[in-house]
Each structure stands twice: as C-alpha cells, then as structure tokens.
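Take a look at the structure below.
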Amino acid sequence: MSRLFRDVEGGPLCPQGSVVCIGAFDGLHLGHRVLVRHAVARARELRLPSVALSFEPLPREFFGTGAPPARLTPPRARIEGLRALGIDVVGLLRFNAALASMPPDAFVRNVIAQRLRAREVWVGPGFRFGHDRTGDLETLQRLGAECGFTAGAVDPVSLDGERVSSTRVRHALSSGDFETTARLLGRPYSVQGRVVHGNRLGHTLGYPTANLRFHSKRPPVSGIFAAMVHGIDDKAWPSVVSVGTRPTVGGTEPLLEAHLFDFDGDLYGRRIDVEIKAKLRDEETFRDLPTMVAQMHRDAMQARALLDDLPRQACA
C-alpha cells in the first residue's frame, strides 16, 4: 500500500533503500509521467520501493513573487495520480520558511540520504533545488557520491517540436485548447474535488449545481464550459459548468459550479471528476438576474448540443 509523508525530519522511511524521483508534478503531464515511470521501473528492477518527492505549497506559490501560477492539480489529485503510476511512497513536503532556507547539501543528507536511504535519484531537465535554487543535477551527483546514491536526469519529452511543460499546459488551457491540453497531459483535463454547499442560488434559478472549491489555488480555466461529470454512478453526466467568481451576484472566491442535465439527487460530500470538453464563453457580469438566467438557458442548450455531437467514446 502506498504511503504518504509530509515532514523533512524523522526516521528512515525506506530502511532497505529506495529509488527517488523529484519534481513539482503539477498536472502530471507526459514529461512527469516519463520521469515517474522510469523511477518505478528502476525500483522494480532493484526490488526497492519507489518514492515521488514533491512540495505543498509549490515553491512559486510560497514565495509569492508576482501572480502565482494557476494550479493544474490539487494535492489529493496529485497524490492519487502518482500512486496510479505505481509510486510506493509519496513525499509531499511542507514547503515553509525552514525548507526554503535549507541548503542543498542539508536537504540531500536529511531527506534523500537519511529519510529515504536513496540508492538512485532521478529528476527532470533543468532541475534546481535548495536555498536560492543553488542545487542542480551536478550537486546531486556530487553529494550522491558521498552519501551512497547515484543521480540522473531523464530526457525532455517533446510534442510538436516543443518541450512538454506545466507552463505549456496552462497556456493551452487558458486558450481553451482542450485538444492540445489532452495531448500534453496524456488524458483529458478535469477538475476533481468534493462537492460543497453553495448559496443555493442556482437551485432557486432552476439550475441546481454541484460546487467545487479551489481552496485558495488559482484555477487554470475561467468561463462557461460543456463538460462530463464522473464519479456519480456508472455513467458520465453531460453538464454545463461555470468556473469563476460569479461577479453578477457579488462573488469573490473562484468556484466551479456544475449543472448536471436531467439529474435529480443530492451530491453534497461526494467526490466527483469534472472532465471539461469545450469552452462556450468567458464569464460575464450581467445587469440583473433575469438577463443572467436567459444566458444560462442559452449556455445549457449550447452545451447539450455540443455534447450530443461528440463521439460517444469521448463522453464515456
């Protein structure tokens, strides 16, 4: 069974040794998958546990320099995705002031060597770590020679002549290009989460919704979308989805609201997976509620028609 740990300090987690891969893993795109699968394969060859080492919050979010990048994958989905790729131990280290100021050699000795007893460490292209990002692959290799592990980097993964990266995924999403997004991720883009209570305005207006929060993370999409919602029963439910702050009703927090066509039931507390298929329009501010409801009717009709036209397998 896969294990999760959050702390830098503590006793050995893999006394017999491990194979470690390190990265942000936001989105778990094709490049991440190559890195993780390589580490898992090496761990199986050596009959050792595989470890994926990452951080929460992401370093750029912690430092808060400029607008933080939109988050592609919330923590739980990141953990579940790594486990699905065969990882035995997930380290989602708490990125705080102490970890941010830790020199590369201390990080290697305390976490990689002592806690994980690494035999091999694998990273992606351009990997940097430690205080002021002063550590790199060469640092890992030098310290590994002292601590008893080897370190290497996997080759970058390219698609259409350009390296696959989380930045490129975010750009495709912000452009509404879900076909390219799916190719970069190796799967359709979706938002996962537990349904929470809203203000029930949608129910009052005739459009009850299942609501997902982003918990202070900036979503990579905004607007109105056609989507398929998974996790309710054996079928995927065609839906119209809004992602935004709901400015017409004075909202400020980003929220995903999914109206499931022809669904009658209580979804509060359920974990669902909202697979976004196409963007219909940007979020707007309406002069009054009747105008907004009229647009909601048009959005629902457009989403139904679009989803009905998609190949059956694309909505399964």
Checklist entry - Of all residues in the range 222-236, how many are surrounded by fewer than 21 Cβ atoms within 10 Å (Cβ to Cβ) and at negative phi? => result 7
Checklist entry - Out of (1) farther than 23 Å from Glu179 by Cβ; (2) under 20 Å from the mean Cα position of the chain (by Cα); (3) not charged (D, E, K, R), what's the single condition that is false for Val274? => result (1)
Checklist outcome for this item: Among (1) in contact (Cβ under 8 Å) with a residue 40 or more places away in the chain; (2) closer than 27 Å to Phe149 by Cβ, Ser54 falls short only on (1)
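From Leu116, Leu93, grab the single residue that is over 22 Å from Ala145 (Cβ atoms), within 25 Å of the chain's Cα centre (by Cα) and at pLDDT 95 or above.
Of Leu116, Leu93, the one residue that is over 22 Å from Ala145 (Cβ atoms), within 25 Å of the chain's Cα centre (by Cα) and at pLDDT 95 or above is Leu93.
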Next on the checklist: Please verify whether Ala70 is at pLDDT below 95, in contact with a helix residue (DSSP H, G or I) (Cβ under 8 Å, 6 or more places away or on another chain) and either within 18 Å of Phe55 (Cα to Cα) or of a type in the set (S, T, N, Q) (or both), treating the condition exactly as stated.
Outcome noted: yes
Next on the checklist: Consider the range 77-108. How many of its residues are surrounded by fewer than 14 Cβ atoms within 10 Å (Cβ to Cβ) and under 27 Å from Arg47 (Cα atoms)?
Outcome noted: 1
Checklist entry - Which residue pairs have Cβ atoms under 7 Å apart, sit 6 or more places apart or on different chains, and have a first residue in the range 190-217 that is surrounded by 15 or more Cβ atoms within 10 Å (Cβ to Cβ) and a second that is small (Gly, Ala, Ser) and modelled with pLDDT under 90? => result Pro208/Gly202; Thr209/Gly198; Thr209/Gly202; Asn211/Gly198
Next on the checklist: Being touching a His at 6+ places or on another chain (Cβ under 6 Å) and crowded, with 18+ Cβ neighbours inside 10 Å is true for just one of Phe25, Phe55. Which residue is that?
Outcome noted: Phe25
Checklist entry - What pairs can you find where one residue is in the range 238-262 and more than 11 Å from Ala226 (Cα to Cα) and touching a residue at least 24 places away in the same chain (Cβ under 8 Å), the other is aromatic (Phe, Trp, Tyr) and part of a loop (DSSP other than H, G, I, E, B), and their Cβ atoms are less than 6 Å apart, with a gap of 6+ or different chains? => result Thr248/Phe286; Pro254/Phe214
Next on the checklist: List pairs: first residue in the range 272-298 and surrounded by fewer than 14 Cβ atoms within 10 Å (Cβ to Cβ), second residue of a type in the set (D, E, K, R) anywhere in the structure, Cβ distance under 7 angstrom, at least six positions apart or on different chains.
Outcome noted: none
Checklist outcome for this item: In the range 277-302, residues that are under 31 Å from the mean Cα position of the chain (by Cα) and among the small types (Gly, Ala, Ser) total 2
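The values are calculated or read from the model by the stated rules, or taken from the named source; none is laboratory data. Predicted, not measured: the structure shown is a model, and the values here were computed from it. Glycine gets a Cβ as well: all are built from the backbone with ideal geometry, and neighbour counts include every protein chain shown.
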